[in-house]
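To start, the structure under review is shown below, and the notes come after it.
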Amino acid sequence: MLLKQLVPNLDAKYENIDVCGVTSDSRKVGEGFAFVCIKGAVSDGHDYAESAINNGASVVIAERDLGFKNQIIVSDTQGLYANMCAEWFGRPAESLKIIGITGTNGKTSISYMLKSILEQCGKKCGLIGTIQNMIGDEVFEAKNTTPGIYELNELFAKMKSAGCSHVIMEVSSHALDQRRVEGLQFELGLFTNLTQDHLDYHLTMENYMLAKRKLFEKSKTAIMNFDDSYMEGLVNGLDCEVITYSIKSDSATYTAKNISYRPDGVEYEFVGLGTIARLKLQTGGKFSVYNSMCAATAALRLGCDLRDIAAALEHLNGVKGRAEVVPTGKDFTVIIDYAHTPDGLKNILHTFRECEKNRLVAVFGCGGDRDKTKRPLMGGVAARYADFVVVTSDNPRTEDPKAIVNDIVAGMKGTSTPYKIIVNRIEAIKFAIKNALPGDIIVLAGKGHETYQILRDETIHLDEREVVREALREC
């Protein structure tokens, strides 16, 4: 492709350069590539321009003079790169209705709910998210919650080619802050909630909120959780249409009424704008009401019939690692959930606290090299809602796992809840299983869908379902 097709307003001497690929990663440069220098949060692409030239780049695009023969200097390489990637793949996003979901908790569950609803309505969907990427029923590995702009356009092109009309994607605060969705127009932007997380990156909740807000500045319509205290700050001054959902207030566009919670599910009346339907789900808890309301509200805005919405939600079996029940064949229950924030842990424990049970046992840790301030908060939540707590590791990364555990336990001081520290996560899970009493509910929180654990020097295989089965065999 000629460079002039990718870069507007080029100097005539560059117009007819034929490029064989575009990238911002010098390691991916091939012969005849255009290399775009982007200054990121960790490294600066300008520092790798010479490496890109050595790897075969025919032109370098930068924000400052690097002294190369074939270099183009622009004011915003990130914005230009987004345009180049879209153009390289034939601007596939323009043929798709893209629905972006952001918030601290619930993104993955909502994405699967909405995909199920749209498919019930006869739409073929692409999905981009934490667990996996999908084109219809075809599954692809996901490396990041939100891929980079090149990978996104590549996925969009495949989705368009496969006949998808809609794309549902989780949009993380990191992706928004790092401009990984630059140049995209979202048909809908969905907001779940905002609670403490990622403060190691954003530093303050205000910064975290402002990063999330960027999604709605790119959206035609915003679907917002009316009950969240940050909603007003997110919508204030937005030019787009705002539609709200709530389980507390009749002031929202849509409200949940007469909610009935069960251990194995929940049902409620979805009411608003002259419509009403009884929605039933196979997953329990208040968070399931919020998640399904968000998905249903979005589906209505996309033109789905409320009967199709109800049918899709009723038959959805749930999402891996989200309040997932692990079969044990025993007289106790094991739940795997991705809860890794204070609010997420509170939600999952509160849900099962209300169920008929003997003890509620929480097994959890906190990630290393991440927000340290949430560790004692999560310890406090576990002590408040669980009857017994096993404090262990999550993904310690480069930190000392024992130090992370100590941070968690600091939040449990002054409580009477019994707890045990077992730093090795596999041994912690086995302890909980082997010491389970009839009627216990054991919640393994933090890892969810993940099948690995990130340690200081290596990443090891760790699928909690396998650990549970092994523990049961050893009992």
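For (1) closer than 30 Å to residue 230 by Cα; (2) not in a loop (DSSP other than H, G, I, E, B), each residue gets a yes or a no:
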site	(1), (2)
53	no, yes
61	no, yes
80	no, yes
93	yes, yes
98	yes, yes
113	yes, yes
122	no, no
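The listed residues are 326, 334, 319, and the only one of them that is within 13 Å of residue 440 (Cα to Cα), of a type outside the set (D, E, K, R) and in contact (Cβ under 8 Å) with a residue 60 or more places away in the chain turns out to be 334.
Does residue 442 satisfy being over 14 Å from residue 388 (Cα atoms), within 26 Å of the chain's Cα centre (by Cα), in a strand (DSSP E or B) and aliphatic (A, V, I, L, M)?
Values: over 14 Å from residue 388 (Cα atoms): no; within 26 Å of the chain's Cα centre (by Cα): yes; in a strand (DSSP E or B): yes; aliphatic (A, V, I, L, M): yes.
Spelling it out, it is not the case that residue 442 is over 14 Å from residue 388 (Cα atoms), within 26 Å of the chain's Cα centre (by Cα), in a strand (DSSP E or B) and aliphatic (A, V, I, L, M).
Could you grab me the full set of residues in the range 273-302 that are without any contact (Cβ under 8 Å) to a residue 60 or more places away in the chain and under 15 Å from residue 99 (Cα atoms)? Selection gives 300 alone.
Confirm whether residue 405 is part of a helix (DSSP H, G or I) and within 23 Å of the chain's Cα centre (by Cα).
Here the answer is no, as residue 405 does not meet what is asked.
When residues in the range 361-378 are screened for being over 23 Å from the mean Cα position of the chain (by Cα) and part of a helix (DSSP H, G or I), 1 of them pass. When the range 113-132 is filtered for residues that are open to solvent by 10 Å² or more (accessible area, probe 1.4 Å) and either in contact with a His (Cβ under 7 Å, 6 or more places away or on another chain) or at pLDDT below 95 (or both), the ones remaining, listed by number, are 123, 130, 131, 132.
If only residues of the range 101-111 that are modelled with pLDDT under 95 and part of a helix (DSSP H, G or I) are counted, the one that is nearest to residue 315 (Cα to Cα) is 109. For residue 358, the conditions (1) under 20 Å from the mean Cα position of the chain (by Cα); (2) open to solvent by 10 Å² or more (accessible area, probe 1.4 Å); (3) not small (Gly, Ala, Ser) all hold with the exception of (1).
If only residues of the range 1-23 that are among the charged types (D, E, K, R) and assigned to a loop (DSSP other than H, G, I, E, B) are counted, the one that is most open to solvent (accessible area, probe 1.4 Å) is 11. When residues in the range 3-21 are screened for being of a type outside the set (Gly, Ala, Ser) and in contact with a Gly (Cβ under 8 Å, 6 or more places away or on another chain), 3 of them pass. Which condition number in (1) modelled with pLDDT of 95 or more; (2) within 30 Å of residue 235 (Cβ to Cβ); (3) not in a helix (DSSP H, G or I) is the one that residue 34 fails? If we test residue 34 against (1) modelled with pLDDT of 95 or more; (2) within 30 Å of residue 235 (Cβ to Cβ); (3) not in a helix (DSSP H, G or I), just (2) comes out false.
Might you let me know whether the range 31-40 holds any residue that is surrounded by fewer than 19 Cβ atoms within 10 Å (Cβ to Cβ) and on the phi > 0 side of the Ramachandran plot? Break it down stepwise before answering.
Keep residues of the range 31-40 that are surrounded by fewer than 19 Cβ atoms within 10 Å (Cβ to Cβ), which gives 31-32, 39-40.
Now restrict to residues that are on the phi > 0 side of the Ramachandran plot: 32.
Among the residues of the range 31-40, at least one is surrounded by fewer than 19 Cβ atoms within 10 Å (Cβ to Cβ) and on the phi > 0 side of the Ramachandran plot, which makes the answer yes.
Quick check on the range 344-351. Is at least one of its residues closer than 21 Å to residue 198 by Cα, surrounded by fewer than 20 Cβ atoms within 10 Å (Cβ to Cβ) and in contact (Cβ under 8 Å) with a residue 24 or more places away in the chain? No - not one qualifying residue is present in the range 344-351.
For residue 193, are the conditions met, namely being over 30 Å from residue 37 (Cα atoms), at pLDDT 90 or above and in contact with a Phe, Trp or Tyr (Cβ under 9 Å, 6 or more places away or on another chain)?
Numbers: over 30 Å from residue 37 (Cα atoms): yes; at pLDDT 90 or above: yes; in contact with a Phe, Trp or Tyr (Cβ under 9 Å, 6 or more places away or on another chain): yes.
When the stated conditions are applied, residue 193 passes them.
Being closer than 19 Å to residue 111 by Cα, buried (at least 18 other Cβ atoms within 10 Å of the Cβ) and in contact with a strand residue (DSSP E or B) (Cβ under 6 Å, 6 or more places away or on another chain) holds for only one residue in 306, 316, 279, 300, and it is 279. Against the numbered list (1) of a type in the set (Val, Ile, Thr); (2) touching a helix residue (DSSP H, G or I) at 6+ places or on another chain (Cβ under 6 Å); (3) outside any loop (DSSP other than H, G, I, E, B); (4) closer than 30 Å to residue 261 by Cα, residue 417 comes up short only at (3). Does the range 379-403 hold any residues that are of a type in the set (Asp, Glu) and either farther than 16 Å from residue 341 by Cα or open to solvent by 40 Å² or more (accessible area, probe 1.4 Å) (or both), and which are they? 387, 399, 400 - these are the residues of the range 379-403 that are of a type in the set (Asp, Glu) and either farther than 16 Å from residue 341 by Cα or open to solvent by 40 Å² or more (accessible area, probe 1.4 Å) (or both). For the range 257-285, taking the residues that are within 17 Å of residue 244 (Cα to Cα) and not in a strand (DSSP E or B), the one that is farthest from the chain's Cα centre (by Cα) is identified as 274.
Apart from one condition, residue 73 fits all of (1) among the aliphatic types (A, V, I, L, M); (2) in contact (Cβ under 8 Å) with a residue 60 or more places away in the chain; (3) surrounded by fewer than 16 Cβ atoms within 10 Å (Cβ to Cβ); the exception is (2). Evaluated against (1) at pLDDT 95 or above; (2) in contact with a strand residue (DSSP E or B) (Cβ under 7 Å, 6 or more places away or on another chain); (3) assigned to a loop (DSSP other than H, G, I, E, B); (4) of a type outside the set (D, E, K, R), residue 145 falls short on exactly one condition, (1). Sub-7 Å Cβ pairs linking a first residue in the range 418-432 that is within 20 Å of residue 397 (Cβ to Cβ) and small (Gly, Ala, Ser) to a second residue that is open to solvent by less than 60 Å² (accessible area, probe 1.4 Å) and part of a strand (DSSP E or B), at least 6 apart or interchain, are 428/363; 428/390, ordered by first then second residue.
Counting only helices (runs of 4 or more DSSP H) that sit wholly inside the range 167-236, those with at least 1 residues that are farther than 25 Å from residue 76 by Cβ are 199-202, 205-216, 231-235.
The values are calculated or read from the model by the stated rules, or taken from the named source; none is laboratory data. As the structure is a prediction and not an experimental result, all values here were calculated from the model. Glycine gets a Cβ as well: all are built from the backbone with ideal geometry, and neighbour counts include every protein chain shown. Calculation scope for accessible area: heavy atoms of the full protein, side chains included, ligands and nucleic acids excluded. Shrake-Rupley method; radii C 1.70, N 1.55, O 1.52, S 1.80 Å.
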